[in-house]
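The values are calculated or read from the model by the stated rules, or taken from the named source; none is laboratory data. Computed from a prediction, not measured in an experiment: that's the story for all the values here. When we count neighbours, we look across all protein chains shown, and the Cβ atoms used for this are built from the backbone with ideal geometry, even at glycine.
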Amino acid sequence: MGPLARRLYRAYGLVLSGLVLLAHPQAAEAAVSRRTANEYPAVPNGRERISLNAGWRFSRFASNPDSLSYDVMKEWILPTGNQFVVTGTQHPRPSGTPPGSNVTYVQASFDDSDWEAVNLPHDWAIKGPFNAPDIPNSMGALPINGVGWYRRTLFIDSTDADKSIFLDIDGAMSNAAVWLNGKLVGGWPYGYASFRLDLTPYVKAGDNMLAIRLDNPLNFSRWYPGAGLYRSVWLVKVDQTHVGQSGTYITTPAVSAESAHLDLTVEIENKRNASRVVDVATDVYVLDTATGQARGDVVATFPQMTTSTMASSRHTVNASTTIVNPMLWGPPPEQEPNMYVAVTRLFADGEVIDVYETPFGIRSVTYDGDKGISINGKPVRIQGTNNHHDLGSLGAAFHLRAAERQLELLQELGCNALRMSHNPPATELLDLADRFGFLVQDEIFDVWRRQKISDDYHLYFDDWHEQDLRSFIRRDRNHPSIISWSYGNEIVEQTEDSGGATAEELHAMVKAEDPTRKSGAAMNRAQAGSRFADAGDVVGLNYQGEGHGESFRSAFPSFRAAYPEKVIWSTESSSAVSTRGTYIFPVTPANHSNVGVQNGGDAGVDPENLLISAYELYAVSWGASPDKVFGMQDKHPYVAGEFVWTGWDYIGEPTPYDTEARSSYFGIIDLAGFKKDRFYLYQARWRPDLRPGNGKLEFLDDRFLLWERLLTFGRPMAHILPHWTWPDRVGEVTPVHVFSSADEAELFVNGKSAGRLQREPSNYRFRWDDITYEPGELRVVTYKDGAEWAVDTKKTVGDAAKLTMKADRTTISADGHDLSFISVAVVDENGDTVPEASDSITFSVSGPGEIVSTDNGNPGDFTEFPSLTRKAFSGLALAIVRSEAGASGKITVSAEADGLKGARVVLRSI
Ligand code: GAL
């Protein structure tokens, strides 16, 4: 990175990290209250959206402290979802005293001073310890279960007396129930849903006591779900006549380079007991995605509408407009992810009574059975990854910078699409996807009526699926990144007629809420032509296309024959497994092998140390190596692409060490954010042509970082594995593999050629399987079209001598949220990483920052995540440092290890 680039990078980082406000409707609401004077006419009664993330008291009870449960409260919880019930049954609020009124934790008089002081987002389980009683390793072996109570006071000014007061909870794991001033207001069971409670009837001027109860059973998830108020909580104060919850919808039915037709729907909610006439005016601006703010002049205006909304009801109005020469949204590197924002104002009685912002993008999506997905008429092959919601050692608690880092690495990989497996993500993640230009399949359920686990969503499906599905789509449908909805993953009843009937019902609901996108469910056992498969208008296949395990029988042809017009894609592919930097011998001579342990064999595994070979040829019994998947995708070019299982490792589901390890082996990137060898196998395929000069340097604006990143990492690539420090293998056969998009490669062992190989189209790696290990140097020289392409070397390193440290960002914002990810390497005298080093490293910090967690990406490491002492794994460890709110200055982070020279890095928090 040059000096100019570095300066811009830093400036960009500061702006970005200083503003948690990104481009989503709710965040934008907050932005409005900050800029009344200059950009808009005065907003005397505009809405306020206030973060309630600070100042909570929390206590967890491993066994039930209050005799409450979802079942006891159900009749009082169900009415919270009424707004989203269209075809199902409305649930009136029961009369009488609601449950819990006599529980001490809901009383203002209860003294919670010895409860833990916490800020949100908060995941009560992530601190550990591991091996929590009765929690399976599949759920991460962390203490997610039990009842968690959160309490805080809420000050309401008397001037807000005639407003609507809402509580918006972005995510609460799980079975949320909310009391204000001792009265149960409502709640929502599904832990991934975002929901709103109307506090108005329960609120009083002055201090109010807000108490939230969450309740997690032992066994309700196939992976680590997290626990607690793990996303943001907001207070919204607005005129009683206002834009409803997720109340705008913008579509772009006709898009060209010359013009775009925009359709707008605004839902006006009138909570008064008299009808109200309002004028609705909407202007469109360019959205500066770095700041989440509107930029420049109005670029289009929707015709103003006057409308009357009856007492206590909702009413929808529509308008259309055209934008000339629109800046389209599309995925890089070929396209740019440009965004707009529509600012809707409601006027009544000569005043602006509400201002509501809707970020959106202008793009067309074409779904074609032959050509796959096209954005703005340009075909885009889906190079996707699945990802869970946890952020590694930070747990499920949403951290904007951690999510941004995940996407940065995925973009560097060449990944252009994300499947939100298997539940609604944080809205901020969708904002990031919009800004980075990822294509998204947004998914809601892993389970319908038939269970996968005893206490999973099947217990709620009948009562809640409509509310969950409709609120999810209304929340997310303005994000241009979303190109498809998934209403289910590997649903147990996919092979039954009843499952087909439910698929039809869910598909119809999705269409009613968003007719512009195609949807389906991801199938692993369904047959082409079944009622279930017929219901979707995209065909998502999990592993079925590649053929399970050793079998090459692909389901692509039968689905292709049954649905020639539908897009077919692998919603899950591969499920390859490995641990970073560990190589296990012998290496399978095939291009795919079922991983050992699972089926009793030992292929690619070291069960004693819970490791799996990073030759990247081993997959679970239902999966396939990346090489095998690439082959099947190439053989069936009508397939629109794949979503690899997974981009990042995640907590829980440690297959094949199901009962022994803590986190997954599936990631292309490990849990700490270090790249496995597989990273380069995918990068070679997904970014084959990148080289300096291939980026677009002219974009020296807020997207500079993106292009800078593409350039920096865009050098021709060749990657050798394994490492070349094997004191115990002298004279033994040690296969050498190389990942590169080159078509020829010559390997040299200590300067002697081991042969020049040409890559056949059906091979996705170069392999020299009969190399005999001797210390020294491996060097590969690769060629493309006869010209030298890229070179890589691996050499035998010396003994561990010292630590080195590197921060991903050395300047962070002093906002109490921003993070710096600090990697430590154990190196020899020459500074080369010692590949199998496992020294115990102790971190310390001084200055206005704290070390939130440490990790090393080893799924078999049960050291608690907040521990300041962490063993290196394959030479590396990570510490995550968070700034202190409002305290700027120097943060010094140090690392020490016995017998090694320590290291430190200095951050600036500003
Ligand atoms: C799939 C499932 C994913 C994950 C994966 C692991 O069948 O949909 O959630 O469990 O297997 O291979």
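Out of all the residues in segment 636-645, which are surrounded by fewer than 24 Cβ atoms within 10 Å (Cβ to Cβ) and either in contact (Cβ under 8 Å) with a residue 12 or more places away in the chain or within 10 Å of the ligand (Cβ to nearest atom) (or both)? Correct list: His636, Tyr638, Gly641. Only one entry in Glu608, Glu653 is acidic (Asp, Glu) and within 16 Å of the ligand (Cβ to nearest atom), namely Glu653. Yes or no: Gly499 touching a residue at least 12 places away in the same chain (Cβ under 8 Å), within 16 Å of the ligand (Cβ to nearest atom) and in a strand (DSSP E or B)? When the stated conditions are applied, Gly499 does not pass them.
Applying the criterion of at least 2 residues that are farther than 24 Å from Asp606 by Cβ and under 30 Å from the mean Cα position of the chain (by Cα) to the strands (runs of 3 or more DSSP E) found wholly in segment 798-910 leaves 802-807, 819-827, 840-846, 849-855, 876-883, 889-897, 900-909. Pairs meeting the criteria (first residue in segment 566-583 and under 16 Å from Gly536 (Cα atoms), second residue among the hydroxyl-bearing types (Ser, Thr, Tyr) and within 16 Å of the ligand (Cβ to nearest atom), beta carbons under 9 Å, at least 6 apart or on different chains) are Ser570/Tyr543; Thr571/Ser421; Thr571/Ser486.
Quick check on my filter: what residues within segment 334-356 are over 19 Å from Pro303 (Cβ atoms) and in a strand (DSSP E or B)? Pro337, Glu351, Ile353 - these are the residues of segment 334-356 that are over 19 Å from Pro303 (Cβ atoms) and in a strand (DSSP E or B). For segment 414-460, a residue qualifies if it is more than 16 Å from the ligand (Cβ to nearest atom), buried (at least 22 other Cβ atoms within 10 Å of the Cβ), aliphatic (A, V, I, L, M) and not in a strand (DSSP E or B), and the qualifying residues are Ala426, Leu429, Leu430, Leu432, Ala433. On inspection, Arg474 fails the criterion of being part of a loop (DSSP other than H, G, I, E, B), more than 16 Å from the ligand (Cβ to nearest atom) and of a type in the set (D, E, K, R).
Count of segment 596-633 residues, restricted to those that are touching a residue at least 24 places away in the same chain (Cβ under 8 Å) and charged (D, E, K, R), is 4. Taking the listed residues Arg222, Arg231, Arg196, the one that is within 23 Å of Phe84 (Cα to Cα), charged (D, E, K, R) and part of a loop (DSSP other than H, G, I, E, B) is Arg231, with no other qualifying. When the criteria are applied in full, Gln494 fails the requirement of being within 30 Å of Glu267 (Cα to Cα) and either crowded, with 19+ Cβ neighbours inside 10 Å or within 16 Å of the ligand (Cβ to nearest atom) (or both). Against the test of being within 20 Å of Met420 (Cβ to Cβ), out of contact with any Pro (no Cβ under 8 Å at 6 or more places or on another chain) and surrounded by fewer than 24 Cβ atoms within 10 Å (Cβ to Cβ), the options Arg553, Arg517, Arg531 yield a single qualifying residue, Arg517. With respect to the conditions (1) within 16 Å of the ligand (Cβ to nearest atom); (2) of a type in the set (A, V, I, L, M, F, W, C); (3) modelled with pLDDT of 95 or more, Ala526 falls short on a single one, namely (3).
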